[in-house]
Each structure stands twice: as structure tokens, then as C-alpha cells.
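Student: One structure, as C-alpha cells, below. Some questions next.
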Amino acid sequence: MAEPREDMAALVASLVTPLVDAPDALEIESSELEDGTVLVEVSVDEADAGKVIGRQGRVIKAIRTLCRAAGSRGGFHVEVEIVD
């Protein structure tokens, strides 16, 4: 089985890639913090940021919810952040 941070990065990539117009500019980095939390940082083209965030943050909130649910099944905490 792959590491949790690799799994979460792949999950975020599969959710975000169809939303953006410039998938070449999409960068997803994952790391594990000292407390065991998996941090997934998503960087997209400036023009695509609104699509990933969504109206009133609904899209990114849904992505975070899915990732947290997947992490809880694996026994770890997940945070998803949009990086400028």
C-alpha cells in the first residue's frame, strides 16, 4: 500500500485536474507534519484559482471534506490548502 500522503495527493489530483483549464500549471505537493497530519498543497494557474475555490468556497470545502473522510478511514488527519 502506498503512503498516506501519496494517496491523498493522488486523490486531490483526480479531483482538481478536471476543474482547471491549465492542467500543466497544476502542482500538488504533500508532506507529513510533526503531529502526523498529511498536508496537501495545491498550486494552480491564477485564472483557475476561482474554479478550484468555487462560489463561497464550496468546491474547495467539498475537496477538503472528501480528503478528510478518506484520511479518517486510514486513521490520519488531512489538510488541503491552496497556495498562491
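Student: How many nm separate the modelled label positions at E81 and R68, each set 7 Å beyond the Cα in the direction of the Cβ?
Tutor: Using points 7 Å along Cα→Cβ, the separation is 1.7 nm.
Student: Follow-up question, since we're still on this one. Taking the full set of protein chains and a 1.4 angstrom probe, give the accessible area of S30 in square angstrom, rounded to the nearest 10.
Tutor: Per-residue accessible area (S30): approximately 30 Å².
Student: Okay, moving on. Calculate for the chain the 222 nm mean residue ellipticity that helices alone would give, adding -39,500 (n - 2.57) per DSSP H run of length 4 or more and normalising by residue count, nearest 500 deg cm²/dmol.
Tutor: The helix-only estimate for the chain comes to -13000 deg cm²/dmol at 222 nm.
Student: Count the net charge of all other residues whose Cβ sits under 15 Å from the Cβ of F76, scoring Lys and Arg as +1 and Asp and Glu as -1.
Tutor: -3
Student: Leaving out ligands, DNA and RNA but keeping every protein chain, what accessible area does E3 have, in Å² rounded to the nearest 10, with a 1.4 Å probe?
Tutor: 90
Student: Roughly how many Å² is the accessible area per residue of the chain, as a whole number, for a 1.4 Å probe?
Tutor: 64
Student: Report, please, the projected area of the chain averaged over directions, based on the convex hull of its C-alpha atoms, in nm².
Tutor: Approximately 5.4 nm², given one-decimal rounding.
Student: Please report the carbon-and-sulfur percent of the accessible area for the chain; probe 1.4 Å, protein heavy atoms only, DNA, RNA and ligands left out.
Tutor: The nonpolar share, carbon plus sulfur, comes to 50 percent.
Student: Shifting gears a bit: Counting Lys +1, Arg +1, Asp -1, Glu -1, what net charge surrounds V44 among other residues with beta carbon under 9 Å of its beta carbon?
Tutor: -3
The values are calculated or read from the model by the stated rules, or taken from the named source; none is laboratory data. Note that the structure is a prediction, hence the values are computed from the model and not measured. All Cβ positions, glycine included, derive from the backbone under ideal geometry; neighbour counts span all protein chains shown. Remember, those area values only see protein heavy atoms, side chains included, never the ligands or the DNA or RNA. Shrake-Rupley method; radii C 1.70, N 1.55, O 1.52, S 1.80 Å.
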